[in-house]
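Visitor: Sharing a structure below in structure tokens format, with a few things to ask.
The values are calculated or read from the model by the stated rules, or taken from the named source; none is laboratory data. Keep in mind that what you see is a predicted model, and the values were worked out from it rather than measured. Please note: Cβ atoms are built from the backbone with ideal geometry, for glycine as well, and neighbour counts cover all protein chains shown.
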Amino acid sequence: MARFDSFLKMVVDQKASDLHFHSGRVPIIRYNSDLVSLPFRVISDSEARRFIFELLSKEQLEDLERTQNIDFVYTLDDGSRFRANVFYQRSGLSAVFRIVPAKLPTLDELMMPPSVRKLTNTGNGLVLVTGPRDAARRPPWPPW
């Protein structure tokens with residue numbers, strides 16, 4: 001078991017969604033959309049490297065050094081899965097791990113309107129769901 005797994009187990013136990021692990025900062029979890037600092041010391045760049053490099057294969061390490069960024073899936077012994085992004089930034093090595101739910105919610109659990117359910121029955125074509133990134137910068141609608 002990698003030492004880093006204890007941080008990820010905390011994410012699972014706390015029912016958080018993300019772990020932010022950055023050189024020069026304390027580890028942070030995202031819980032109910034809020035970023036919460038963990039009771040841990042500031043992580044140095046050398047510590048971040050030791051923690052994170054323990055998770056990577058030789059090929060992944062080579063890719064990271066070449067591209068300065070790598071995405072992968074990491075699985076704990078209990079089956080909990082995480083989408084991971086490891087990257088370099090000014091302060092050093094950083095990583096973000098997002099938990100991948102074991103069970104996807106249904107449309108009913110997401111309280112989606114019937115129009116969304118109708119889209120799922122489309123036999124062919126491409127359905128795009130888009131919107132403005134920032135509602136304050138949204139153009140007036142309708143445009144005419």
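Visitor: Does ARG50 qualify as being part of a helix (DSSP H, G or I) and at pLDDT 90 or above?
Guide: Values: part of a helix (DSSP H, G or I): yes; at pLDDT 90 or above: yes.
In short, yes.
Visitor: Which condition number does VAL11 fail, the rest of (1) in contact with a strand residue (DSSP E or B) (Cβ under 9 Å, 6 or more places away or on another chain); (2) surrounded by fewer than 17 Cβ atoms within 10 Å (Cβ to Cβ) being met?
Guide: (2)
Visitor: I've got another one for you. So which residues in the range 1-31 are under 21 Å from TYR88 (Cβ atoms) and in a strand (DSSP E or B)?
Guide: ASP18, LEU19, HIS20, PHE21, HIS22, ILE28
Visitor: Could you list all residues from the range 81-111 that are free of Cβ contacts under 8 Å to residues at least 12 places away in the same chain and over 19 Å from MET10 (Cβ atoms)? Before you say what the answer is, go through the steps one by one.
Guide: We begin by selecting, within the range 81-111, every residue free of Cβ contacts under 8 Å to residues at least 12 places away in the same chain; these are 90, 101, 103-106, 108-111.
Within the range 81-111, ARG90, LYS103, LEU104, PRO105, THR106, ASP108, GLU109, LEU110, MET111 meet the criteria.
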